[in-house]
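Student: A single structure is presented below for examination.
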Amino acid sequence: MYPSRFRYEAPRSLAEAISLLHEGGEAKVLAGGQSLVPLMKLRFATPELLVDINNIGGLDYHREDADGTLRVGALCRHADLERSALLPGKQPTMAAAAPLIADPIVRNRGTLVGSLCHADPQGDWASVMVALGGSVVAQGPTGRRTIPVADFVTGPFENVLAPDEIAVEAVVPPHRGTPAGGYLKLERRVGDFATVGVAVAVETSGGTVTRAGIALTGVGGSTIACTEAAGALTGQALTPQVIEQAADLAAGAAKPRTDHRGSAEYKRHMVRTFVVRILSRTGPAAGEQAAAGQPGPGPEAERAA
Amino acid sequence: MTIVYDDLGDEATADFPARRIRFTINGAKKVAEVEPRLLLAHLIRRGVGLTGTHMGCDTTNCGACTVLVDGKAVKSCTMLAVQVDGHTVETVEGLATASELHPLQEGFKEEHGLQCGFCTPGMMMAAKALLDANPDPSEEEVRWALSGNLCRCTGYQNIVKSVLWAADKLRSASG
């Protein structure tokens, strides 16, 4: 399969890339290309201009600012996050998700920022970033703006970027307590979309939850932010009763459909199970385990038989 | 659509409405004039004429088209040929020398790691990327590294054994 014809530009600077986009016409930005290239081959995407940002230096970072803000550049690959020394202790939810994105070869090219822009309703990173309260930084001709991920995606495969804006960075705000949480994904096999994905991010201080975020993948037409479930955790100690209550609320927020991946009832049940499973490991012991553990073979994946 | 020249250092003469790229494939320097929409897999197969890289699903699933770009495994059906400008590509043809099989190829032979052989080049290149980074992988690490490559014949058992065989051989050769 071939994409339809397009003009290809590979600028060396963001300013040049933005001015190419500013010229007008239907344009797409190429980062990892692991979603865009297949879409172009299927002719679902037929841009007139493709702006390849892979030759722009200085976008492949993920780093922590002095205040604890995490920044992920537009060319930071999933594999960079999977092998990150920074994430396991600081961002356990992201560390758990990185090895579960697509498959190992796709992870060598694909990017977190690109996944967010692609806005696939089944995307894993969107749930993780919603749970963490993350944002996307967009750069255009007049400067930069920061958009919360929850507002960034407006529908399936749609985002709020202007035609001449590039998403240059994803940002996760600093923790106010000890971070814990995880991402669990039920998938039939590696590389399949999630049957159910659950992202949980909590911060605790003195045994009490100071901030919580829960978001779901694959159980509705879009990423689902479970604000009620998160609210039930905030200000509480993570007792079995509190965890069960949050899990029930999260399962209630899911809008699963019966399809070839499973029945709606099964998916809803798995949302509940995953919330309990992630939160039951949370606490000082789980935090230490997350810090010491390498994201190696088969960490959090739950594969259906 | 695609013309590949041996890179003799001088400028190629043709004036195509395409993009000129320079790249190295299995150690040989090449110049090519490519249409931007040409896929890397097609540059390799039709342009360079190396048909060991197989096109299976053409949808980023199966991994049969796996090659290494700058040492990293990529699915060559999901990368544009223009993107390897200035980069290094390794394909399955680069594994063996004139006189010797690569230990991975020996391993697949010794452990019966293939039946129809369609997925084998992609399996070997994904395995090469693993062994270059981790010379002593566990069975689980091998399975993890090959989880983006599909095989419909073997049930994977012998493929995993083949890669572990090659890892042993490579370690004993270097140690």
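Computed from the coordinates by the stated procedures, all read-outs in this text should not be read as laboratory data. For clarity, every value in this text was computed on a predicted model and none was experimentally measured. Cβ coordinates were reconstructed from backbone atoms using ideal geometry, including for glycine residues, and neighbour counts include every protein chain displayed.
Student: Using Cβ contacts closer than 10 Å as the measure, can you line up A:Val51, B:Val142, A:Val276 from fewest to most?
Tutor: By the 10 Å Cβ count, ascending: A:Val276, A:Val51, B:Val142.
Student: Please list the non-local residues whose amide H lies under 5 Å from the amide H of A:Leu30, H modeled 1.01 Å from N, same-chain partners needing a gap of 5 or more.
Tutor: A:Val51, A:Asp52, A:Ile53
Student: Can I ask one more? Using Cβ counts within 10 Å as a stand-in for footprinting exposure, how do B:Cys116, B:Cys153 rank, fewest first?
Tutor: Working: B:Cys116 10, B:Cys153 14.
Ordered by Cβ neighbours within 10 Å, fewest first: B:Cys116, B:Cys153.
Student: Using a Förster radius of 45 Å, what is the FRET efficiency between A:Thr46 and B:Glu93 based on their Cβ-Cβ separation? Nearest 0.05, please.
Tutor: Values: r = 34 Å, r/R0 = 0.76.
It comes to 0.85.
Student: Enumerate lysine pairs in the protein assembly as shown that are 8 or more residues apart or on different chains, then count those whose Cα atoms are under 16 Å apart.
Tutor: Qualifying lysine pairs in the protein assembly as shown: 12.
Student: With θ set to phi - 60°, apply the Karplus curve 6.51 cos²θ - 1.76 cosθ + 1.60 along segment A:85-91 and write out the HN-Hα couplings as whole Hz, x wherever there is a Gly or Pro.
Tutor: Here the 3J(HN,Hα) series is 7, 6, 5, x, x, 8, 9 Hz.
Student: Calculate how steeply helix A:264-280 sits against the longest principal axis of the alpha-carbon atoms of chain A, using the helix alpha-carbon long axis, and give the answer as 0 to 90 degrees to the nearest 10.
Tutor: 70
Student: Follow-up question, since we're still on this one. How much mean residue ellipticity at 222 nm does chain B get from its helices, if each DSSP H run of length 4 or more adds -39500 (n - 2.57) and you divide by all residues, to the nearest 500 deg cm²/dmol?
Tutor: -8500 deg cm²/dmol
Student: Just how far, in whole angstrom, is segment A:1-41 from segment A:106-185 if you go by their alpha carbon centroids?
Tutor: After rounding, the separation between the Cα centres reads 19 Å.
Student: Additional query: Give the calculated FRET efficiency between A:Asp67 and B:Arg46 to the nearest 0.05, with a Förster radius of 51 Å applied to their Cβ-Cβ distance.
Tutor: On the way: r = 53 Å, r/R0 = 1.03.
It comes to 0.45.
Student: So what is the 222 nm mean residue ellipticity for chain A from helices alone, if each DSSP H run of at least 4 adds -39500 (n - 2.57) and you divide by all residues, rounding to the nearest 500 deg cm²/dmol?
Tutor: Result for chain A: -9000 deg cm²/dmol, rounded to the nearest 500.
Student: Once phi is turned into ³J(HN,Hα) by the Karplus curve 6.51 cos²θ - 1.76 cosθ + 1.60 with θ = phi - 60°, what whole-Hz value does each residue of segment B:131-144 show in order, with x for glycine and proline?
Tutor: For segment B:131-144, the Karplus-derived couplings read 5, 5, 8, 9, x, 10, x, 7, 4, 4, 5, 5, 4, 4 Hz, x marking Gly and Pro.
Student: If you bin every alpha carbon distance in chain A into 10 Å steps from zero, what whole percent lands in each bin?
Tutor: For chain A, the binned pair fractions read 6, 29, 35, 21, 8, 1 percent.
Student: Rounded to the nearest 10 degrees, what's the angle between the helix B:157-174 long axis and the longest principal axis of chain B, both from Cα atoms, 0 to 90?
Tutor: 80
Student: Where does each of A:Asp52, A:Asp103 land when they are ranked from fewest to most other beta-carbon atoms within 10 angstrom?
Tutor: Sorted ascending by nearby Cβ count, the order is A:Asp52, A:Asp103.
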